[in-house]
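Worksheet: one structure, shown below.
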Amino acid sequence: MRVVISLTTIPGRTELLRLALASLQRQTRPPDAIYLWLPESRFADEPSPLPKMDGVIVTSAPDPGPAMKLLPVLDRELDPETRIITIDDDIEYPPELVERLAAASILLPDHALGFTGWNRVDGPAGPEVHHFNEEIPHAGMFQPVQVLEGYRGIIYRRGFFAPDIYNHLAAQPA
């Protein structure tokens with residue numbers, strides 16, 4: 001199974017980005033590729049944030065905002081069985097991140113999976129939002145959530161995304 005990592009960054013985060021990428025290069029299950037997307041509008045007058053690193057594919061692209069860590073990689077990785085892990089640029093990841101997410105993805109191939117998320121539920125005083133993370137008892141167990149939180153990593157199967165995924169870019173200016 002091919003597993004790739006996709007992330008983006010902005011100017012001024014070079015040191016955090018270096019640490020994040022170094023942690024990805026120490027994975028017990030190395031990713032098949034690491035894509036780093038640089039928003040063209042933000043890096044037009046900036047140098048690349050890092051020197052060339054083995055296994056890291058650095059590419060400039062138009063900036064669709066937070067979707068930049070996912071949308072550009074969909075044009076590169078076309079096999080519907082490829083797993084895409086999106087992450088943030090400012091976290092050092094544990095060495096088992098890729099291995100754990102890939103293993104969980106084999107167990108639950110029809111689900112996007114992550115480590116934290118939210119559910120909206122109806123409470124006695126109206127809607128409540130429950131955040132599931134490592135501080136909640138039993139949060140380490142598989143649980144369905146309505147919204148996955150991306151900063152610790154989310155794994156998707158490429159086949160989850162149809163071509164109409166790009167339609168939302170024109171939906172609202174923000």
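A single entry from TYR93, TYR35 fulfils the requirement of being assigned to a loop (DSSP other than H, G, I, E, B) and aromatic (Phe, Trp, Tyr): TYR93. Of all residues in region 1-25, those that are part of a helix (DSSP H, G or I) have Cβ atoms under 7 Å from Cβ atoms of residues that are of a type in the set (D, E, K, R), 6 or more apart or on another chain, in LEU16/ASP89; LEU16/ASP90; LEU17/ASP89; LEU19/GLU92; ALA20/ASP89; ALA20/ASP90; ALA20/GLU92; SER23/GLU92. Scanning region 1-28 for residues that are β-branched (Val, Ile, Thr), modelled with pLDDT of 95 or more and within 19 Å of LEU71 (Cβ to Cβ) yields a count of 3. Residues that are in a loop (DSSP other than H, G, I, E, B) and either more than 29 Å from GLU40 (Cα to Cα) or open to solvent by less than 70 Å² (accessible area, probe 1.4 Å) (or both) within region 55-79 comprise GLY55, ASP63, PRO64, LEU70, GLU77, listed in sequence order. When THR28 is tested against the conditions (1) in a strand (DSSP E or B); (2) loosely packed, with under 13 Cβ neighbours inside 10 Å; (3) among the β-branched types (Val, Ile, Thr), the lone failure is (1).
Among the residues making up region 37-54, those that are over 16 Å from LEU19 (Cβ atoms) and either modelled with pLDDT of 85 or more or surrounded by 15 or more Cβ atoms within 10 Å (Cβ to Cβ) (or both) are TRP37, LEU38, PRO39, GLU40, ARG42, PHE43. Screening region 138-157 for residues that are over 17 Å from the mean Cα position of the chain (by Cα) and open to solvent by 100 Å² or more (accessible area, probe 1.4 Å) and picking the one that is modelled with the highest pLDDT gives PRO144.
Out of all the residues in region 70-87, is one or more of a type in the set (S, T, N, Q) and in contact with a Lys or Arg (Cβ under 8 Å, 6 or more places away or on another chain)? Yes, region 70-87 has at least one match. For region 1-25, the set of residues classified as within 16 Å of the chain's Cα centre (by Cα) and open to solvent by less than 60 Å² (accessible area, probe 1.4 Å) consists of VAL3, VAL4, ILE5, SER6, LEU7, THR8, THR9, LEU17, ALA20, LEU21, SER23, LEU24, listed by residue number.
The values are calculated or read from the model by the stated rules, or taken from the named source; none is laboratory data. Small disclaimer: the values here were computed from a predicted structure and weren't measured. Cβ: placed from backbone, ideal geometry, glycine included. Neighbour counts: every protein chain shown. Heads up: the accessible areas ignore ligands, DNA and RNA and are worked out on the full protein's heavy atoms, side chains in. Shrake-Rupley method; radii C 1.70, N 1.55, O 1.52, S 1.80 Å.
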